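Input: a single structure, listed below in structure tokens.
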Amino acid sequence: MAFEHIRFEISDGVAYLTMSRPDCLNAVSIQMVEEMDRALDEFDNPETEARCLLLTGEGRGFSSGADLSAGGLPSSNDGRPFDAGLVLERHYNPLIERLATLPVPFISAVNGVAAGAGMSFALAADIVVASQSAYFLQAFVNIGLVPDAGSTYFLPRLVGNARATALMMLGEKLSAEKAAEWGLIYQVVEDDALEATAKDLAQKLSNGPTKALGLIRDMAHSSIDNDLSTQLRLERVAQRKASGSSDFVEGVSAFLQKRKASFTGN
């Protein structure tokens, strides 16, 4: 597939998706969203070799958020108020839902700024690793908008309502170190170690029991809203699926034989 606003490749079981508009800090265009969505079609392919997704941004930043300069000031042709919600409905929301429901583990590697929708893309991941110079920004309020692309869903669940509301209302930068301290992200590393750290994590997950890992991300997402009884039933269903996999047989065999398991994702 040919892309202009992203780069996408699969290597050693890892799908590398890079937002590639470095001249504007990877500001999110409609074309970028559409290209990301097309790239994710790979995970609907039963013959795909991709067993993990790693998302990052090219150059000095992860993403500065929606590209406000793409079409000038918002307007409509018939004189009615501009409807930014329609853009969400048609483009951003379907992409966020696809990222959140991937059947494989998903890592984001945040370099530099992750603002607005870019921050939402990062937080949709199961594991977020950031460079020491990275920062997060809920920039919407600074231009008179409300948080979108899943921000109002992800943030309260990750850091609690008080901190989430303050982040969204104040529109202030949150450093990577503070984000890790609050539990917003998994890990902060030196700037020059970000790429290697993220790739090592992605490789480890791509070599793991893919079905079990996919079920883990499903259960982790569901547990936020489920009561205990519902979650216990979900664990029962998921464990039945996991124990029917060849990776379960391999894992037990490797344990009994005191060797490292060689998972195939099946």
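With the condition kept exactly as written, say whether any residue in the range 30-40 is under 21 Å from TYR153 (Cα atoms) and either modelled with pLDDT under 95 or touching a Phe, Trp or Tyr at 6+ places or on another chain (Cβ under 7 Å) (or both).
For the range 30-40, residues under 21 Å from TYR153 (Cα atoms) and either modelled with pLDDT under 95 or touching a Phe, Trp or Tyr at 6+ places or on another chain (Cβ under 7 Å) (or both): present.
Determine, yes or no, whether ASP218 is within 20 Å of SER120 (Cβ to Cβ), part of a loop (DSSP other than H, G, I, E, B), of a type outside the set (Phe, Trp, Tyr) and not assigned by TED's automatic domain parsing to the domain that holds ILE143.
So ASP218 fails the test.
So that you can scan it fast, the table gives a plain yes or no per residue for (1) in contact with a strand residue (DSSP E or B) (Cβ under 8 Å, 6 or more places away or on another chain); (2) not small (Gly, Ala, Ser):
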residue	(1), (2)
ALA139	yes, no
LEU174	yes, yes
LEU194	yes, yes
SER206	yes, no
LYS211	no, yes
ASP218	no, yes
ILE224	no, yes
GLN231	no, yes
GLN239	no, yes
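Name the residues in the range 104-123 that are in a loop (DSSP other than H, G, I, E, B) and closer than 18 Å to LYS199 by Cα, would you?
VAL104, PRO105, ASN111, GLY112
Answer with yes or no whether LEU88 is part of a strand (DSSP E or B) and either closer than 29 Å to SER222 by Cβ or at pLDDT 95 or above (or both).
No: the conditions fail for LEU88.
Working only within the range 1-21, note down all residues that are surrounded by fewer than 18 Cβ atoms within 10 Å (Cβ to Cβ) and of a type in the set (Lys, Arg).
Matches in the range 1-21: ARG7 only.
For the range 154-164, does any single residue satisfy the condition of being under 17 Å from MET119 (Cα atoms), outside any helix (DSSP H, G or I), charged (D, E, K, R) and out of contact with any Gly (no Cβ under 7 Å at 6 or more places or on another chain)?
No, because not a single residue in the range 154-164 is under 17 Å from MET119 (Cα atoms), outside any helix (DSSP H, G or I), charged (D, E, K, R) and out of contact with any Gly (no Cβ under 7 Å at 6 or more places or on another chain).
Conditions (1) within 25 Å of VAL33 (Cβ to Cβ); (2) within 19 Å of the chain's Cα centre (by Cα), marked per residue:
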residue	(1), (2)
VAL129	yes, yes
LEU158	yes, yes
ALA162	no, no
GLY171	yes, no
GLY214	yes, yes
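Just to be sure I understand, how many residues within the range 218-228 are out of contact with any helix residue (DSSP H, G or I) (no Cβ under 9 Å at 6 or more places or on another chain) and touching a residue at least 12 places away in the same chain (Cβ under 8 Å)?
Looking only at that region, the number is 1.
Could you look through the range 105-126, keep only residues that are more than 13 Å from LEU55 (Cα to Cα) and aliphatic (A, V, I, L, M), and pick out the one that is surrounded by the most Cβ atoms within 10 Å (Cβ to Cβ)?
Filtering the range 105-126 for residues that are more than 13 Å from LEU55 (Cα to Cα) and aliphatic (A, V, I, L, M), the one surrounded by the most Cβ atoms within 10 Å (Cβ to Cβ) comes out as ALA117.
Condition first: surrounded by 12 or more Cβ atoms within 10 Å (Cβ to Cβ) and of a type in the set (A, V, I, L, M). Now tell me which residues in the range 221-236 satisfy that.
LEU234, the sole residue that qualifies.
Between SER63, SER29, SER69, which is within 16 Å of GLY116 (Cα to Cα), under 15 Å from the mean Cα position of the chain (by Cα) and in contact (Cβ under 8 Å) with a residue 40 or more places away in the chain?
It is SER63.
What's the number of the only condition in (1) touching a helix residue (DSSP H, G or I) at 6+ places or on another chain (Cβ under 9 Å); (2) within 17 Å of ALA149 (Cβ to Cβ) that LEU86 fails to meet?
(1)
Kindly provide the set of residues from the range 38-69 that are in a helix (DSSP H, G or I) and touching a Pro at 6+ places or on another chain (Cβ under 7 Å), ordered by number.
Result: PHE43, single match.
The values are calculated or read from the model by the stated rules, or taken from the named source; none is laboratory data. Remember, predicted model here, so these are calculated numbers, not experimental data. As a convention, Cβ positions derive from the backbone with ideal geometry for all residues, glycine included, and neighbour counts pool all protein chains shown.
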